[in-house]
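Undergrad: Here you go, one structure.
Laboratory data are not the source of any read-out in this text; all were calculated from the coordinates shown. Here the structure is a predicted model, which is why all the values come from computation and not from measurement. Here the Cβ positions follow ideal geometry from the backbone for every residue, glycine too, while neighbour counts run over all protein chains shown.
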Amino acid sequence: MRVFLIATALACIFLNLFPPADLFGASPEIRFEEDVFTFKPLLEGESVDINFEFSNEGGGTLVIHDAVTSCGCITADYPNHPLKPGERGTIKTTFHSKGHGGDNDISLLVKSNDPLVPVKPLRIRGKVIRQWQVHPGRFILTNLKLNRRYTRRLQITNFMEKSLEIKELVAGNPHIYLLSEPKRVAPKGDDVIDFEVCVKDLKVGGIAQSSIRIEVANAEMQSVEIPILMKLK
């Protein structure tokens, strides 16, 4: 009797993990309600949640292995449990628009145990309206000499119909000296931030890293950080 009870319990566990349809060769089939999602125009700095609904239309248990995006601006979450035939699920994603002004076309690859479509491609598309930007996006300064001063310039472009209010400029370390104070950038206009680089206490061939952070008061994208790499000759 004891052996029978143990065998029955093991059989129940086995059938729960592997439904009869799986044992007889039935396969799962993933089917999405839509393959492409186009979001409404966003202001750069805003985020939008995007959900892809799907169902298991096959006769076997469906397992989602992974959801991989082509851009670090997308985070994706997917069901981590098996879905029985007829069961529904959702791939939940969030698009973060900071640094992605303009037209966006991003791929999302959903990997599952569907034998016919092991990798299902999805697309996320939409336009991000850029309110302001800084150029260049980074500095790589080589062949610098110890204690010598070098002047560099950042250009800020305001795409808005109103003034861009810069509330704070922050230098990352003592190698960077800001020569400009916070200011306003005229509507549809440009302005500059001048700064000096002076490398101190660094051995020949040494490398130092810093940045300049620009914070604004009246845009969705509230801050930008410009990395600066310095190498002593």
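Undergrad: Can you tell me the orientation of helix 2-17 relative to the chain, as the angle in degrees between its alpha-carbon axis and the longest Cα principal axis, to the nearest 10?
TA: 50
Undergrad: Please list 3J(HN,Hα) in residue order for the range 196-205, calculated via the Karplus relation 6.51 cos²θ - 1.76 cosθ + 1.60 where θ = phi - 60°; whole Hz, with x for glycine and proline.
TA: Going residue by residue, I get 10, 10, 9, 7, 10, 6, 9, 6, 4, x Hz, with x marking Gly and Pro.
Undergrad: Just grab the label-to-label distance for Val192 and Ile207, each label 7 Å out from Cα along the Cβ direction, in nm (one decimal).
TA: Modelled inter-label distance: 2.9 nm.
Undergrad: Okay, next question. For the chain, just the Cα atoms, rotate onto the principal axes and tell me the three extents in Å, largest first.
TA: Sorted largest first, the three principal extents are 88, 47, 29 Å.
Undergrad: According to the Kirkwood expression over distinct Cα-Cα pairs, how big is the hydrodynamic radius of the range 132-232, in Å? List each step's numbers first, then the result.
TA: Values: mean 1/r = 0.0706 Å⁻¹.
In the range 132-232 this quantity evaluates to 14.2 Å.
Undergrad: Could you state the principal axis extents of the C-alpha atoms in the range 22-129, from the largest down, to the nearest angstrom?
TA: 53, 19, 19
Undergrad: Let me ask something additional. Between Leu116 and Val48, take the C-beta separation as r, use R0 = 45 Å, and let me know the FRET efficiency to the nearest 0.05.
TA: Details: r = 31 Å, r/R0 = 0.69.
E between Leu116 and Val48, to the nearest 0.05, is 0.90.
Undergrad: Roughly how large, in nm² to one decimal, is the mean projection of the convex hull of the alpha-carbon atoms in the range 107-164? Provide the component values of the computation, followed by the final result.
TA: Working: hull surface 36.3 nm².
Result: a mean projected hull area of 9.1 nm².
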